[in-house]
1. Please work out how much accessible surface VAL170 shows to a 1.4 Å probe, ignoring ligands, DNA and RNA, in Å² rounded to 10.
2. Leaving ligands and nucleic acids out of the surface, order PHE91, PHE143 by accessible area at 1.4 Å, largest first.
3. Whole-Hz Karplus ³J(HN,Hα) for the range 85-94, in order, using 6.51 cos²θ - 1.76 cosθ + 1.60 and θ = phi - 60°, x for Gly and Pro?
4. With every protein chain left in place and a probe of 1.4 Å, what is the accessible surface of ILE275, to the nearest 10 Å²?
5. What residues have an amide H closer than 5 Å to that of TRP183, excluding those fewer than 5 places away on the same chain, when H is modeled at 1.01 Å from N in the peptide plane?
6. Hey, of [x] 10; [y] 32; [z] 20, which did the structure itself give for percent of Cα pairs over 37 Å apart when calculated?
7. GNM, the chain, Cα, under 10 Å: largest mean-square fluctuation among GLN180, GLN230, GLN76?
8. How much area per residue is accessible in the chain when the probe is 1.4 Å and only protein heavy atoms are counted (Å²)?
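The values are calculated or read from the model by the stated rules, or taken from the named source; none is laboratory data. This one's a predicted model, so the numbers in the text were calculated from it and none came from an experiment. Calculation scope for accessible area: heavy atoms of the full protein, side chains included, ligands and nucleic acids excluded. Shrake-Rupley method; radii C 1.70, N 1.55, O 1.52, S 1.80 Å.
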Amino acid sequence: QDLDVSDVLTSFFFTSDIELSPAWSARVGAGYAERMPNLEQRYSDGLFLAMIQSGFSRLVGDTTLSKERNWQADLQVRFDSEYVRGRLGGFHSWIVDYITYAANPVLPPEGARLLRSFNTDYATLTGFEYYGEADLASGWQVFTSLAYLDGRDREINQPLAGINPLEGRVGLRWTDVCPQNRWGFEWGLRMVDNQDRLGTLRAVAPAPGVVTLETATPGFTTSYLRAYCQPRDNVHLIAGVENLFDRNYYEHLNLRIPQDQVIGFGDTVVLSPGITPYIGLEIDY
């Protein structure tokens, strides 16, 4: 086939800010956007890609894929007083020609999949985000956040693949109260729920039914520290530690390979990094 494919993308949006009271405000919005298929979805020829947890997944692209067309509505409410600030927002997307995959299991090895790119007629994405902070004393703040996303292929009424679970954060922040804001320190907890809404795809025709791509992921909680210092106006130093207590955990999309008795290996899961210090320096001149 002719592999010279061109796309023209269109987008627009409308937003309106509404003052409800001296402390409360709202924002409503609606928009439309298009996304073209990426190179993997169009041109892959049996590439091994670890994008659905399994390292044994092979992707075959489709040069005739249509671009995705997304209609979306948003609503956000904000609260801003002298000592407490927060916002809560949600959205819902109606996506025409959402790019997904059809899947065929391949045995052995267990967990292997052959994927083919294609457009499903209709999918939805629904989610919300929350953030709040409160002043405890001069320079001290407590903060919380929460984020959730649900994706559905409405043609087969199954969860979309690659959706992260509910995630929240809570922490304590200490910052310089001087106008120069020379330093700050933050400690927090990252809390991730288990994910049991497992990505499910159609079987490759002419095979009937659906194929579950993912396995469930347990929840976890990790702790972190981060700090910054600005000794001069043009010098900015940051440092921190992720996974402070060296927890063993894995994200929902981390590589995993299920047990296969035919080949002779057990369950394999790639853990996320353990205790991880970092430091950075930025100099403007």
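1. Roll a 1.4 Å probe over it and VAL170 shows about 50 Å².
2. Listed by decreasing accessible area, they come as PHE91, PHE143.
3. Listing the rounded values in order: 9, x, 8, 9, x, x, 8, 9, 10, 10 Hz.
4. The accessible area of ILE275 comes to roughly 90 Å².
5. ASP176, GLN230
6. Here the calculated entry is [y].
7. GLN180
8. Value returned for the chain: 58 Å² of accessible area per residue.
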